Amino acid sequence: MTQQNPQFVKMSKWMRKSSMQFFDRNPDVLGVPSFVPLGHKMVVDVMSTGFEAVTRDTFFITCRARQILSNNLKSDVYREEDIFKAELELNKLLDQMHEYFDTRIHQGELKLQMGGFDPASMQRLVSNYETKSCTNAVTQYLDILAKADNYLTIVQYLWVTSELSDNPNEAMQVKLNIEREVKTNLYAIARASTGHYNNIRRICNEVVEKRKVERAKQSERDKEREAQAKQKAAQKTAKKAAAAEKRKEEARLRRETERKDALSVAQSHQDQLVTAAAA
């Protein structure tokens, strides 16, 4: 049973500041606003550090990386099933965490019932923590946090009612071991998502860098072809100019020859007239 009108805690209050600044750097990212009811400080602490990392990691893997690779790879090179197996592995881990906490909650509720307590009457003192889900994996992560919080509340009840052990020292040790195990499992999600993020980002960086090199080479080839085209055009223009100049010179020579021939004919005619007059 959860208390009436729980406190609403804004993200700016509970999310730990980091150098990621995912939401500041991605203001246009589509996210679904919601909240997650939590009461255990350890779970809140895990969320305060892991939420932004899981959001950044899964958004990059499922959304941003596809854009990068689709824009920089040809269809005969880019095989999604090879590059994005990280999604399958992360989803498998989330399913395992769901199963883990569902099983533990069921076992805890049975133990409460065996002790004569009704799980439905168990009081939960929670606050509603504001969230924003940008991927389905983030939604799953928040659901798992809520289940972890519920499970730890059940463990607290079992410890208070001596249902963990009749020996106080043993009961405390069991409780602490459970809390450590829960904490380890929750942190494992963020560690796994960041590991996959680093791997996919490395692949994207390699692809982008390779594409840059290919574009630089293509640019050099284009420049070389352009220079060759200009050289051929210049040679063609020069050849045309030379041909025109040759034709012009040939025409001048023809005119000069014709003029000389005409003068020769005229001179010959004049000479004939002079000879005839002398006779």
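The computed volume of the Cα convex hull per residue in Å³ for the structure shown corresponds, within (1) 169; (2) 217; (3) 178, to (3).
Could you list the trypsin sites (Lys or Arg not before Pro) in the range 5-60 that lie in coil according to DSSP, counting only those with at most 10 other Cβ atoms within 10 Å of their Cβ? Walk me through the numbers on the way to the answer.
Working: sites: 10, 13, 16, 17, 25, 41, 56; in loops: 10, 16, 17.
Taking the range 5-60 and a limit of 10 other Cβ atoms within 10 Å, the loop trypsin sites (Lys or Arg not before Pro) found are 10, 17.
Tally Lys/Arg at +1 and Asp/Glu at -1 over every other residue whose Cβ is under 15 Å from the Cβ of residue 52; what's the total?
+4
For residue 124, the amide hydrogen comes within under 5 Å of the amide hydrogens of 2, 3, counting only partners 5 or more places away or on other chains and with H modelled in the peptide plane. Shown for 151, 187, 100, 141: other C-beta atoms within 10 Å of each C-beta, ranked fewest to most, produce the order 187, 100, 151, 141. Estimated purely from DSSP H runs of n ≥ 4, each contributing -39500 (n - 2.57), the mean residue ellipticity at 222 nm for the chain is -26000 deg cm²/dmol once divided by its residues. Could you tell me how many degrees, from 0 to 90 and to the nearest 10, lie between the Cα long axis of helix 41-59 and the main elongation axis, the longest principal axis, of the Cα atoms of the chain? The two axes meet at around 20 degrees. Put a dot 7 Å past the Cα of residue 218, heading toward its Cβ, do the same for residue 106, and the two dots end up 5.5 nm apart.
A straight Cα-to-Cα reach below 24 Å connects residue 132 with the lysines 10, 13, 17, 41, 92, 147, 183, residues fewer than 8 places away in its own chain not being considered. Inter-label distance, residue 246 to residue 98: 8.4 nm, where each label sits 7 Å from its Cα along the C-beta direction. Working from label points 7 Å from Cα in the Cα-to-Cβ sense, the residue 10 to residue 166 distance is 5.4 nm.
For the range 164-198 versus the range 28-68, the spacing of their alpha-carbon centroids is 20 Å. Extension gain, residue 238 to residue 177, is 13.0 nm, computed as 0.36 nm per intervening residue step minus the present C-alpha separation. Counting only residues at least eight positions apart within a chain, or on another chain, the lysines with an alpha carbon under 16 Å from that of residue 232 are 223, 240. Around the amide H of residue 133, modelled in the peptide plane, lie the amide H atoms of 32, 34, all under 5 Å away and 5 or more residues distant in sequence or on another chain.
The angle separating the long axis of helix 85-114 from the principal Cα axis of greatest extent in the chain is about 10 degrees. Of the beta bridges in the chain, as assigned by DSSP with both residues counted there, near 70 percent are antiparallel.
Per-residue Karplus couplings for the range 155-171, computed as 6.51 cos²θ - 1.76 cosθ + 1.60 with θ equal to phi - 60°, are listed in order as 4, 4, 5, 4, 5, 4, 8, 6, 8, 6, 5, 6, 8, x, 5, 5, 4 Hz, Gly and Pro entered as x.
Taken together, the values in this text are just the output of simple stated rules run on the coordinates, not laboratory data. Just so it is clear, the model here is predicted, and its values are computed rather than measured. For neighbour counting, all protein chains shown are included, and Cβ atoms are generated from backbone atoms with ideal geometry for every residue, glycine included.
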